[in-house]
Amino acid sequence: MRGIKILFFLIFLAAKSIPVLAQQKTLSNPWHFQSFVNVGLLEGQTGSAFLLQTINGACYKSWFAGVGLGLDYYRVRTIPLFIDIRKEFGKSSGKLFVYVDGGISFGWATDMQKTGYLLNDQFQNGFYDDVGLGYKTAVGKKSALLISLGYSYKKVNESYSSPYYYTPNYYFTDPGIMPQNDPKEQISYSLNRLSMKIGWTF
């Protein structure tokens, strides 16, 4: 009978120690993987546009660093590929955070944009960044809702054929008869936008 009591006592101690051990294990390993999905609106001098992002990386305590990929429809559709670094403040279920994004915006113009601008348009890669602050509120144990406001910059480089190609003897106005080595004109767009995003992290 005494042996059964000792056995139950040992089981009780083991059950009580499991949460403590689990907590110690969590504290000893503050790293964990995290993903973000953002949808948003970009506002600037040329109007409004849609934004979509997915970001994946690692958290260490209140810091996060990861790689993001998105779709940016402002002026010309592009694919931003960037590094995302953010810092959270506070210990409650609701936290403030700041973020800094920086990378490359790859040109991916739509068919309408290719035909709606100048002749033989081509859009090259340019710099991309986004800096802002937001609020994170927990939804469940591992998920949270994010709302942020920031300043975003995108550079787009456009090259196109001049509609009037001049030689000493001729003017070519028909792109079908232009020489193959016709000169290219270039325009560089520096696009400043206000970014408003709502996101989900898990």
### Query
Condition test on S62, is it under 17 Å from the mean Cα position of the chain (by Cα) and of a type in the set (S, T, N, Q)?
no
### Query
G47 fails exactly one of the following numbered conditions: (1) on the phi < 0 side of the Ramachandran plot; (2) without any contact (Cβ under 8 Å) to a residue 60 or more places away in the chain. What is the number of that condition?
(1)
### Query
Of the conditions (1) under 30 Å from S62 (Cα atoms); (2) modelled with pLDDT under 95; (3) among the hydrophobic types (A, V, I, L, M, F, W, C), F127 fails just one. Which one is it?
(2)
#### Entry: Failed criterion for Y160 (all others in (1) modelled with pLDDT of 90 or more; (2) over 28 Å from the mean Cα position of the chain (by Cα) hold)
(1)
### Summary
Checked pairs for segment 179-202, first surrounded by 11 or more Cβ atoms within 10 Å (Cβ to Cβ) and outside any strand (DSSP E or B), second of a type in the set (F, W, Y) and modelled with pLDDT under 80, C-beta under 6 Å and 6 or more apart or across chains, list as D182/Y165
### Query
Just wondering, is there one or more residues in segment 120-138 that are surrounded by 15 or more Cβ atoms within 10 Å (Cβ to Cβ), under 19 Å from I187 (Cα atoms) and within 12 Å of the chain's Cα centre (by Cα)?
yes
### Task
Inspect all residues belonging to segment 69-79 and state whether any of them is over 16 Å from R193 (Cα atoms) and not aliphatic (A, V, I, L, M).
no
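The values are calculated or read from the model by the stated rules, or taken from the named source; none is laboratory data. In this text the structure is predicted, and so the values were computed from the model without any measurement. Because the Cβ atoms are built from the backbone with ideal geometry, glycine has one as well, and the counts that use them run over all protein chains shown.
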